Amino acid sequence: MKYIFISLILISTGAAAQRLKKSDKEVIENLKKEITYLASDKLQGRRTGTEGEKLAYEYLSDQFEKAGLAPKGDGNSFIQTFEINEGKQILPATHFIINDTALESRKDFFPLIFSGDGSAKGDVSPAFKEKGRPWFWDIKDVLDENQNNPHFDIAEAIRNKALDIEKKGASALITYNSGKADDELEFDGKSKMPQIQIPVIYLSKKVAAKYLSDNAANLTVDLQTALGDKTRMGHNVIGYIDNGAAHTIILGAHYDHLGLGQDNNTLDPGNHEVHNGADDNASGTASVIELAKLVKDSKLKNNNYLFICFSGEELGLLGSKYFTEHPTIPLDQVDYMINSDMIGRLNDATHKIIIGGYGTSPEWSKILPEKTKALTAKFDSSGIGPSDHTSFYLQNIPVLFFFTGIEKDYHKATDDADKINYVGEFRVIQYIQDILKETNNNQKIAFSKTREPKMETAHFSVTLGFMPDYSYSGNGVKADAIIDGKTAQKIGMKAGDVITRLGDYPVTDLNSYMAALGKFKKGDATVVTLMRGNNKMNLEVVF
Ligand SMILES: [Zn+2]
C-alpha cells in the first residue's frame with residue numbers, strides 16, 4: 001500500500017511538473033533528431049575549418065531557413081566567415097638533400113620557426129666555417145651546460161647563434177644534437193619568434209648520427225626553406241527575426257567541437273576517435289534552433305531576435321569575438337544575449353541549472369526565478385566565463401549563460417547523444433522562453449559590470465587580471481579587457497596592451513606567459529614590460 005501511495009504522490013508531483021503537452025513532445029523529438037545528427041560520427045566532431053564543420057553549418061542554415069528566419073550573415077547568406085591564424089606552417093617548397101638523398105620534412109629535418117626563407121647548396125663539412133656556405137652547429141654542449149637552467153630556451157639560443165653567423169657570412173645554419181639523451185626538438189608553428197634572414201634547419205638525431213659523426217667527410221647539401229601562415233576559416237551561422245522593434249535579443253550557442261582531438265583541447269589525449277560533442281555543444285545548438293521556431297510562431301513581437309551559432313569557440317571564443325567585432329546588426333541595439341553551452345545533462349535528482357551573468361544587469365534578479373516546478377537555478381554573477389557570452393559582456397551587453405554542469409564525458413569521445421537528458425533540456429528551453437516573455441517590451445535592460453572571482457588555478461597562484469585576446473597572432477600576449485579591481489588595472493594596464501616580458505621571462509605567447517606567471521608568488525615584486533602601440537613601457541608590479 002505505502003509503496004503504491006508513495007509512488008502515486010511521486011507521479012502526481014512529477015507529472016504535474018513534468019506533464020508534457022503534444023507540442024512539447026514535438027520539441028523534444030526535434031531536439032533528439034538535431035543532437036543525434038550534429039553529434040553523429042558523420043560530422044567528425046565538427047572541428048572548425050573541417051568538412052565536419054561544413055556539414056554542420058549547412059545543416060544549421062537549412063534549419064534556420066525552414067524556421068523562417070532571415071539570413072543575417074555575410075551578404076544575403078546565413079554564414080559569416082572568419083579567418084583563424086594558427087601560426088606558421090612548413091611549405092612544400094622546403095627541402096633538404098644531403099649526398100643526393102632527399103630527407104623527409106618534419107620527420108628527418110625541419111626549419112626553425114624563425115628561419116629565413118631561402119636556399120643554400122654546395123659541398124660542406126661540419127668543421128668548415130666558410131662565407132657563403134651553410135655552417136653546422138651541434139647543440140649538445142649548450143644543452144648540457146644549461147640542463148639545470150629553468151630560463152634556458154634552446155630555440156632562443158639557436159636564433160642568437162644564427163644571427164651571429166649571419167653577420168659572419170654564413171648562408172645557412174644547420175643544427176643537430178649528437179647528445180645521447182633522446183630529447184628531440186619539434187617544429188613549433190605557434191611560436192612567434194621574429195623571422196631572420198638565413199635558413200635555419202634542425203636535423204633529427206637519426207640523420208645526424210648517419211651523416212655527421214665525428215669524422216664525417218665532405219658532404220653535399222641542397223636546402224631550401226619556406227614557411228607560410230597557417231590559417232583556417234571558421235563559419236558562424238546567423239538568422240534573424242525582424243519585428244521592426246527598437247531592440248534585439250540575441251540567442252546563441254557554439255556548434256564547433258574538438259574533431260578527433262587534434263587541437264590539444266581533448267581531456268583524453270591520445271584518443272583520436274570522433275569527439276561527438278553531444279552535450280558540448282550540440283545541446284545548446286539544438287536549443288537555438290528550437291527557440292527560433294518557438295519565437296517565430298509566438299506573439300513575442302516587441303523585440304527583434306537574432307539567432308547565432310558560433311564556430312571557433314573551442315579555439316578561444318573566436319567566432320563570438322569575430323561577430324562582436326564585425327556585427328551584422330548594430331550592437332547598441334542589443335538588449336541582452338543568452339548563451340547556452342552544455343545544457344544536455346540536467347541532473348534529474350537536483351534539477352540544478354547553473355545560470356551565469358546574473359550580475360550583468362540589475363534587472364535579472366526581478367526576471368529570473370530561482371526555483372520553478374522543473375528547475376532549481378544556481379546563479380553565478382560573473383559576466384566572464386569559458387564560453388561565448390564573454391565576448392558580448394566585454395561589449396557591455398547584459399548576458400546570461402546556461403549550463404547544466406561538467407560531466408565525466410566532458411571533452412572526451414564519450415560525449416554522446418544517448419547520454420542527453422532531452423526532457424531536462426526542454427525544461428531549460430521553457431525557462432528561457434519565460435525570460436523572453438518577461439522582457440517582451442520596448443525597454444532595454446540596464447547593464448552592470450561584475451566583480452570577477454579570484455582566478456587562482458593549479459598552475460599559478462598570482463594573476464594580473466585581464467582577459468587575453470585569443471585571436472592575437474603577434475609576438476607577446478595582448479590584453480583584450482582589463483578586469484576591474486585587479487592588479488593589471490592597479491598598475492595602469494590598458495586593453496590593447498601587449499605584454500612581452502614578465503621580469504626575466506620573455507613572453508612570446510599565452511603558454512610562455514602562463515609559464516612565467518607560475519614563477520611568481522604573492523608578495524613578489526617584478527616588472528611587466530609591454531608595448532602600448534609603438535611605445536615600450538615597464539610597469540612595476542607587486543603580486
Ligand atoms: Zn562548449
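The values are calculated or read from the model by the stated rules, or taken from the named source; none is laboratory data. The structure presented is a predicted model; accordingly, all values stated were derived computationally and were not measured. Positions of Cβ are generated from backbone atoms using ideal geometry, with glycine treated the same way; all protein chains shown enter the neighbour counts. Please note that ligands, DNA and RNA were not included when accessible areas were found on the heavy atoms of the full protein model with its side chains. Shrake-Rupley method; radii C 1.70, N 1.55, O 1.52, S 1.80 Å.
For the stretch 92-225, carbon and sulfur atoms together expose 48% of the accessible surface, with a 1.4 angstrom probe and every protein chain in place. Ligands, DNA and RNA left out, the 1.4 Å accessible surface of the stretch 242-370 is 50% carbon and sulfur atoms. Computed over protein heavy atoms with a 1.4 Å probe, the accessible surface of the chain works out to 46 Å² per residue.
Overall size of the chain from C-alpha positions, given as principal axis extents largest first: 92, 56, 50 Å.
Of the residues Asn265, Thr220, Thr248, the one whose Cα sits farthest toward the positive end of the charge dipole of the stretch 180-281, with +1 on the Cβ of Lys and Arg and -1 on the Cβ of Asp and Glu, is Thr220. Protection proxy ranking for 284-296, 105-117, using the average of other Cβ atoms within 10 Å per residue and placing the highest first: 284-296, 105-117.
Highest mean packing first, where packing is the average number of other Cβ atoms within 10 Å per residue, the peptides 506-514, 164-172 line up as 506-514, 164-172. Computed per residue of the chain from DSSP H runs no shorter than four, each worth -39500 (n - 2.57), the mean residue ellipticity at 222 nm is -7500 deg cm²/dmol. With the biggest extent put first, the Cα atoms of the stretch 466-542 measure 31, 24, 21 Å across the principal axes.
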